[in-house]
Structures are given as C-alpha cells and as structure tokens.
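Enquirer: Before I ask anything, here is the structure I am working with.
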Amino acid sequence: VKRRRFRQRLQPPGAAEAAVVDWPELLSVLQDDLVRGSSAPTYLIVHLQYGLGNRLRALASAMAVAAASNRPLAVIWPRDAHCNASFHQLFDAPVSRRFAVLDVDGEAAQQAIWASVQRESATFTAYSYMREDGIPKENGQPDRQWLGRYDHSDKHLYVKSAYLLSHPRGTWAFAAWQLNSLVPRPEVAAQLVARREMVGVHVRSVVDTGKAYGSTPLADQQEWRTKGAWPNFVDRMAQEPPATKFYLAADSQAAYDGLMARFPGRIVRTPRACPPGGAGCEARDAASIVSALVDMLNLARTRRILGSGYSSFSEAVQHYGSIRAHPLWGPLGPADWSHFVPKVEVAGTAFGPGSASLARSDVDDSSR
C-alpha cells in the first residue's frame, strides 16, 4: 500500500501548454523561457518509447521526478508501430492540462526531434536510456544516467526513455501515485467492469514478430512467452476458491478459448478482435491500444494479478492499482484513503514450469 504522502503535485505547464502543434513551436517556447532567465522554470521533457506499458512506466516516473524537482513537464508521445494511438485517445483532456503533450507521427519525426535536441546543447541537457541510441553498458546493463544532479539546472532536461528514470523520486514508490492519477477518457472508463474481489489474469504468450525491442535476444523473449502460455495458469487459477471470478486479458484467441472452457462462467473479459495469424490480439492500431488500456485498468481493479514475465504491461498494471477508502478514522479524516497495489504472481517465477533466472523489472518488452 502506497500512502498519500507519496503523492506529489506537478507544476502547471505554463507557456508550453499551448505549444502542442509541432516540435519547432515547442522548441521556440522552451528557448524563449531560457531567455527570460530565472523568472521561468526549466522543463523536464520525456520522450516516451515502445508500447503502452513501457510508456506509462516512463511517464509516471517522469511525472514524479518533475514534481519533486519543481519542474513543469512536457511529454513527447509518438504514434508508431509500437503504439499507434495518441495520448488524447486514451486519457481525459483535463489530465493533459497538468503537462504539455506533443503527439508525433512516425519514426522519422522522432529521429528529427532527437537530432534537434542534441544540436541544441545550450537549451537541453539530453539523455537517452535506449539501447538503439547506443548508450554504453556497465556490468552488462545499460548505463542510465543519474538525473538527481540536474534538479536545479539552468537548462531543460530531455530524457528519451521506456523505463523508470534514475532519480531519487523516479521509483515506483512515487511513480505509482502519478500513474494512478491519469484519468481515462469517458468511453474507456465506461468499460471498466472488474471488481476488487476478482483475480486478474494477464496471459502474454505471443512472440513479437516485428522489429526487435532494443537488443533483447529473441531466445529470452521466447523462453518467457513459453512460460506465459495459458495452460501454465490453469493449476494456479484452480487454487482459488470455487466462487472466484477472473478478469482475463490475453494476447491470443487460444488463451481466451482455453481458459473460458476450463473455468466456465468464471471468466470476465472485454471483447476484442483476435484475428487468426499475424498479430492476433496484439495489433498496435489505435483501437487495439484503447482496448489494451481498458484491460490494464480492469486488471488494476482486482485484488491479485496472475501476470506474465518479461512484460511491462503486467508491471504497469500492478502499480496503476486503485484508490480505496478505509472506513476507520485515519490521518486524512473519517475515510482514510490509500493507493492499493495488488500483489502480482508471475508465471514461470511464482507458479507454473520454469525458473526465475530472467526475472527483472527492467524489461524491454512491448505493451502486452
């Protein structure tokens, strides 16, 4: 349980709030802010990468870091092969008033922005946490620069990331509150049907067939997808009391069919297109990303999650959590509110065949 003391308020976006049309306009506003000197705060700009789970992990961490360092926040949200939906198709408009959002189309536009940031060394302190940008490794792991030293910098801080930011307030202890504060659009919220007495099940077994994520070895991904196959969940689900209902989010029609047959009348799901072959339930078009967010929010409402390893989606689901009131008198009044983070058990680690040899939270995987 993460208590309210971890919640941090973000500064309003300021002048950059209106500059969400294109990068040159946003860059001009940020440069004008520096010309004004100490009267204007420097921004944290986070350039999000990969799929939905990765993006929400990095965004929540950046929100917490921006709040702790008293910076306004600007978000670069790409529409690309990993996540072809805009931020505003997922989250309610008032949320974006807490930070500026620039939707960017395609890989070429992202590369142009990153090149521009690197050229403007007088405007930005810039870092990439992405292996594709050739960041060095230390002890076999990428060297993700410590950002705490830039809390009082006279430049804007620009970070390209799909991961938690390396900062004292960038951890999930603080980022989880920020993630939970993102309010979905009404049409997304209308599809939330899971209840707290349910057990959430996230089955991730389809190997990505598109461009590899970073330098992640295909063998590692295949090993974890085998551990996340739906039959490996059956024995663990059968340990729950017979009246237990499950909210199921899966990446293949076979998983839905198999578990619904094994637990008739006990599976709750959100209908989604799962065409045979190809991406299955894993398409990354806008409608599929909206469905993925619906699944994420439903899973986050359950009391326990049976998840899949090597999946940032399962990780983000856990920390999104829910806000719950305790009826007893507490430090905040007669109803003490807390951020409830459900326990996650990972297939291949906590149950089912396999080992924990590859388990780590710093996964390079996609949204589901």
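Enquirer: If you look at just the Cα atoms of the stretch 48-180, how large are its Rg and its Dmax in Å?
Expert: 14.3, 43
Enquirer: Taking the Cα centre of the stretch 132-201 as origin, work out the dipole magnitude from +1 charges on Lys and Arg Cβ and -1 charges on Asp and Glu Cβ, in debye rounded to 20.
Expert: That gives the stretch 132-201 a dipole magnitude of about 200 debye.
Enquirer: Indicate the gyration tensor shape class of the stretch 34-76 (rounded, prolate or oblate), computed on the Cα atoms with a ≥ b ≥ c the square roots of the eigenvalues: a/c under 1.5 is rounded; otherwise a/b larger than b/c is prolate and the rest oblate.
Expert: It is oblate, given that a/c is not under 1.5 and a/b is not larger than b/c.
Enquirer: Find the accessible area per residue for the stretch 61-194; the probe is 1.4 Å, ligands and nucleic acids are left out, and the unit is Å².
Expert: 39 Å²
Enquirer: Give me the distance in nm between label points sitting 7 Å out from Cα along the Cα-to-Cβ direction at residue 286 and residue 131, one decimal.
Expert: 3.2 nm
The values are calculated or read from the model by the stated rules, or taken from the named source; none is laboratory data. Only a predicted model underlies this, so the values are computations on that prediction, with no experimental measurement involved. All Cβ positions, glycine included, derive from the backbone under ideal geometry; neighbour counts span all protein chains shown. Ligands, DNA and RNA are excluded from the accessible area calculation, which covers all protein heavy atoms including side chains. Shrake-Rupley method; radii C 1.70, N 1.55, O 1.52, S 1.80 Å.
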